[in-house]
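Below: one structure, written as structure tokens.
Only the coordinates and a few stated rules stand behind these numbers; no lab work does. Remember, it's a predicted structure, so these values are computed and weren't measured experimentally. Note: ideal-geometry Cβ built from the backbone for every residue, glycine included; neighbour counts use all protein chains shown.
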Amino acid sequence: MRVMGLVFSNIHDQSLPEMTRWRTIASVPIASRYRMVDFVLSNMVNSGIMEVGIITKTKYNSLMKHVGSGRDWDLDRKHGGVSIISPYVEAGSGALYTNRLEAMINSIGSLESSSSDLVLLTDCDILANIPLKDIVERHIESGADVTAVFKRMTFDTPKHMGRIGFELDGDNRVVNVTNLKEISGTNNISMNIWVLNRTLLINILRESSTYGFRSFSKDVLPRQIKRINVKGYEFNGYTKALTDLNQYFEANMDVLKPDIRRELFGNVDYPVYTKVKDSAPTKYGDKAQVKNSLISDGCIIEGTVENSVLFRGVRVDEGAVIKNSVILNDSIIENNASMDYIIMDKRAIARRNRVIAGCEGHPFFIGRDEVL
Amino acid sequence: MAVRKECIAMLLAGGQGSRLYPLTKFLAKPALYFGGKYRIIDFPLSNCINSGIDTVGVLTQYQPLELNDYIGNGGPWDLDRNNGGAHVLPPYQKTEGTDWYKGTANAIYQNIPFMEKFSPKYVAILSGDHIYRMDYNAMLKKHKEKNADCTIAVIDVPIEEASRFGILTTDENDRIIEFTEKPEHPNSTKASMGIYIFSYDIMKRYLEEDDKDPSSDNDFGKNVIPKMLNDGCSMFTYGFSDYWKDVGTISSFWEANMDLLNLDGGMKITDSSVQRIYYRHEPRQPHFIGENARVINSMIAEGCEIYGTVENSIIFGNVHVEEGAMVRDSVIMPDTRIRRNAMVNFSVLSTRIDVGEGAAVGEPLEIAKGSITVIGENTVISDGVSIPAGASIEEGSPAAKGAMI
């Protein structure tokens, strides 16, 4: 069966306003050399999904530059391949879609012209390496109308976050969909990955348009849960949702752990591709002192780096000290500057002798192109 | 009919690299790994595209499989073109017999039909043996200004080394008067870099003549260039003074790698203000430096996990250096594992090597007296085994299991 992938690039932008000021959540840099969308696109390609639409809304310039023709993911295809679905605004109205359903109604043309049997929907806010092939295979085997991917999570203390939870019967069928404003105890939390028949999706979208429904999981699913067979798929691997800046920081720090690194990058059938830049290897100088850090290509390190994640092309001058920080591409830390619990967006500069620190749980954010 | 090209390049990539054995046991020399991320052929290919030459014939012969795969459709060098682009040109069967490429001139001669498609005015003849960054377009400009039949790139070498090269003597206008291959008593320090630009029609005529001469070795340096000079062709040198290194031997290969560690000299490989060298990528994660690791004056590529000590070395992708292991003054090619407490000193290790726990490969630079240890691909070196300085070990050698050598 042929599967089309539909990626929502903007949903959840508001969770991470610092990082998404210039970009979509899909193009947020993560784990030293990737962007969030790399994991989604790579998993799709590794699962044989070679027709992918990326639904955009705003600030998608960096995303378009990153994805380009899709060549780095082998998605420059004659049939299928990757396409950016830009928002369709009618002359005079100027209104952009405000929810997932509208976004899809917006792109119904791509769905109608596709020759795929199934559609896989996914967001870009969760760091994970998910074998999408298994999910599609399970969907086909189970004969479900819709397969919904969830993670079983336990919260000792109640947590405020808008998430969708599933109640399952003994047959793995979703019998109830709940909107969890506050989460406590053990819940099946939706990962917002769905597989369903393409024609079913088109029908749902048409109907929703007629009735003015706003949300797929809050309006459509609860109303239809008896009529359509929604099956759950539990993913129990590593996941990290980028729900705020601290979670973003933690997601980067997680990759310093060997077991998580193995889970994200160790599966030979699921390599993660990204846009190539032809950077030189990273050069460590005579005075470099680097410990427990994840470092990308093209860096020049003369100073000290500990418990940190450095993206491509970062320069750490002699005497500079970086600890517990995430430094994005082409940033420069000059002589004797000191950074602790910092997230530094790309091309920022910390001048000589600057001392900047956040603290655990509250990393300090330095914006793109800022000079301190 | 292809679109006409003013200048195309023919890249001689059939080199066996026998002095680099066993690194070149399964690889043509141009496909050999270099500098942490690259292969030797990346340098001339990147130079071509950076010089505006978008049509490159790559002539392969010895162990071409990996080289062919590596070049593919030329995409990594922006050479995947509808008009032109990279073309791998192996020897092929013709209606009148089949020939391997006999010499450099014969290899180009056999590909006259390929070159004719583009009706070029000029052809650059390049080799896949050198590490350098050069603007072939500047050389072409001089070739045109001088209205030359042939222009040869030259570099000044110390007089005591001149007898290793093809040496050119010129008049005050850079016109070539004399060319001698490896002269015993050199009278000039201008060494040929093996980079030629020919006016196509003249080159074609000389290649056809050369093919008819049964006494010829069909080699540019030995036959074609002396013949042209003898006939009074208009031949000039193009002086080049930037970094250039022949990597034909183990020691020059090791030196050229080490030269990269000097960021201000050599290739300036990390300098974003100079033209990039492009390469084919493998999807590898960023490298990780462990809690007790120590990495100084080294280059580390993607996919590495370094828990031990690395000093003055070039480490390619997906190399694991375990805790307590030490790598010094060495070049370690991809997919190799250096296990706990192993020592690698002053060595070049090919791909997919497993250095066992506590094993010692090579001896420290200060003691080894210039004898580099070389390990061929897929070799397993058993735990605790010592490989002496200057040894050359291949897969399955008894020495890798600890037998005396």
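Could you identify which residue out of B:I300, B:I202, B:I372 has the top mean-square fluctuation in a GNM of chain B using Cα springs shorter than 10 Å?
B:I202
Would you be so kind as to identify which of B:N345, B:T249, B:L207 lies farthest towards the positive end of the dipole of chain B, taking Lys and Arg as +1 and Asp and Glu as -1 on Cβ and the Cα centre as origin?
The residue sitting farthest along the positive end of the dipole is B:L207.
Identify all aspartates and glutamates with a Cα-Cα distance to A:K226 below 12 Å; exclude those on the same chain that are fewer than 8 residues away in sequence.
Counting by Cα, and skipping residues close in sequence, A:K226 has these aspartates and glutamates nearby: A:D145.
Kindly rank B:270-279, A:250-259, A:47-56 from highest to lowest mean number of other beta carbons found within 10 Å of each residue.
A:47-56, A:250-259, B:270-279
Which one, B:V327, B:I381, B:S397, projects farthest toward the positive side of the charge dipole computed for segment B:256-405 from Cβ point charges (K/R +1, D/E -1)?
B:S397
Picking from B:N137, B:N292, B:N50, which is most flexible by a Gaussian network model of chain B using Cα springs under 10 Å?
Evaluated over chain B, the most mobile residue of the options is B:N292.
Given Cβ point charges of +1 (Lys, Arg) and -1 (Asp, Glu) and nothing else, what value in debye, to the nearest 20, does the dipole of segment A:34-125 about its Cα centre take?
Dipole magnitude for segment A:34-125 comes out near 280 debye.
Shape of segment A:174-232 from its Cα gyration tensor (a ≥ b ≥ c, root eigenvalues): rounded if a/c is under 1.5, otherwise prolate when a/b > b/c, or oblate?
prolate
Output the antiparallel fraction of DSSP beta bridges having both residues in chain B, as a percent to the nearest 5.
30
I'd like the orientation of helix B:250-259 relative to chain B: the angle between its Cα long axis and the longest Cα principal axis, in ° from 0 to 90, rounded to 10.
80
Can you tell me the FRET efficiency between B:E209 and B:E366 if r is taken as the Cβ-Cβ distance and R0 is 56 Å, rounded to the nearest 0.05?
0.55
What number, rounded to the nearest 500 deg cm²/dmol, is the helix-based mean residue ellipticity at 222 nm of chain A, given -39500 (n - 2.57) per DSSP H run of at least four residues and division by all its residues?
-6000 deg cm²/dmol
Determine the shielding of peptide A:287-300 by partner chains: average, over its residues, the number of Cβ atoms on other chains within 10 angstrom of each Cβ.
Mean partner-chain Cβ count within 10 Å for A:287-300: 6.
Please give the charge dipole size of segment B:258-405, origin at the Cα centre, charges +1 on K and R Cβ atoms and -1 on D and E Cβ atoms. Round to the nearest 20 debye.
Charge dipole of segment B:258-405: 140 debye, to the nearest 20.
Counting other C-beta atoms within 10 Å, which of A:R223, A:R100 has the fewest, and how do the rest follow?
Going from least to most buried by this count: A:R223, A:R100.
How much FRET efficiency would the formula 1/(1 + (r/R0)^6) give for B:R164 and A:K275, where r is the Cβ-Cβ distance and R0 is 41 Å, rounded to 0.05?
For R0 = 41 Å, the calculated efficiency reads 0.40.
Between helix B:200-212 and chain B, what is the angle of the helix's C-alpha long axis to the longest principal axis, kept within 0 to 90° and rounded to the nearest 10?
80
For helix A:198-211, report the angle its Cα long axis makes with the longest principal axis of the Cα atoms of chain A; keep it between 0 and 90° and round to the nearest 10°.
80
Quick one: among A:F213, A:F39, A:F150, which has the greatest mean-square fluctuation in a GNM of chain A with alpha-carbon springs under 10 angstrom?
A:F213
Straight-line reach from B:K94: which lysines have a Cα under 24 Å away, not including same-chain ones fewer than 8 places off?
B:K102, B:K117, B:K204, B:K212
Output wanted: per-residue J couplings in Hz (rounded whole) for segment A:339-349, from phi through Karplus 6.51 cos²θ - 1.76 cosθ + 1.60, θ = phi - 60°, x for Gly and Pro.
10, 9, 6, 10, 10, 10, 6, 5, 6, 7, 10
Say the cut-off is 27 Å between C-alpha atoms; which of A:K151/A:K323; A:K323/A:K346; A:K151/A:K275 go over it?
Those over the limit are A:K151/A:K323; A:K151/A:K275.
Let me have the relative contact order for segment A:155-240, percent, based on Cα pairs under 8 Å that are six or more residues apart.
Relative contact order, segment A:155-240: 31 percent.
Of the listed pairs B:K25/B:K121; B:K146/B:K190; A:K291/B:K401; A:K59/A:K277; A:K159/A:K257; B:K121/B:K190, which have alpha-carbon separations greater than 29 Å here?
Where the Cα-Cα span goes over 29 Å, the pairs concerned are B:K25/B:K121; A:K291/B:K401.
Based only on other Cβ atoms within 10 Å, what is the fewest-to-most ordering of A:I202, A:I332?
Ranked by crowding around the Cβ, least crowded first: A:I202, A:I332.
Under a crude label model (7 Å from the Cα following the beta-carbon direction), how far is A:S113 from B:S18 in nanometres?
Here the modelled spin labels are 6.0 nm apart.
Around B:S273, under 15 Å between beta carbons, what's the net of Lys plus Arg minus Asp minus Glu among the other residues?
Its environment carries a net charge of -2.
Sort B:D210, A:D145, A:D171 so that the residue with the fewest other Cβ atoms within 10 Å of its own Cβ comes first and the one with the most comes last.
A:D171, A:D145, B:D210
Name the shape class, rounded, prolate or oblate, that the alpha-carbon gyration tensor gives for segment B:298-378, where a ≥ b ≥ c are the square roots of its eigenvalues, rounded holds for a/c under 1.5, and otherwise prolate holds if a/b is larger than b/c and oblate otherwise.
Rounded, since a/c falls under 1.5.
From the phi angles alone, apply the Karplus equation (6.51, -1.76, 1.60; θ = phi - 60°) to segment A:174-180 and give each ³J(HN,Hα) in whole Hz, x where the residue is Gly or Pro.
6, 9, 8, 10, 10, 9, 8
Just counting partner chain Cβ atoms within 10 Å, what average do the residues of peptide A:270-278 show around their Cβ?
If you average over the peptide's residues, the count of other-chain Cβ atoms is 4.
In percent, how large is the relative contact order of chain A, given Cα pairs closer than 8 Å and 6 or more residues apart?
15
Mean separation of Cα pairs under 8 Å and 6+ residues apart, divided by the residue count of segment A:37-145: what relative contact order is that in percent?
34
Using a ≥ b ≥ c from the Cα gyration tensor of segment B:234-324 (square roots of the eigenvalues), is it rounded, prolate or oblate, where a/c under 1.5 gives rounded and otherwise the larger of a/b and b/c decides, a/b for prolate?
prolate
Is there a quick way to get the dipole size of segment A:140-204? I mean about its Cα centre, with the Cβ of Lys and Arg at +1 and of Asp and Glu at -1; what is the value in debye to the nearest 20?
Roughly 280 debye for segment A:140-204.
Take every residue in peptide B:292-302, count the Cβ atoms of other chains within 10 Å of its Cβ, and give the average of those counts.
6
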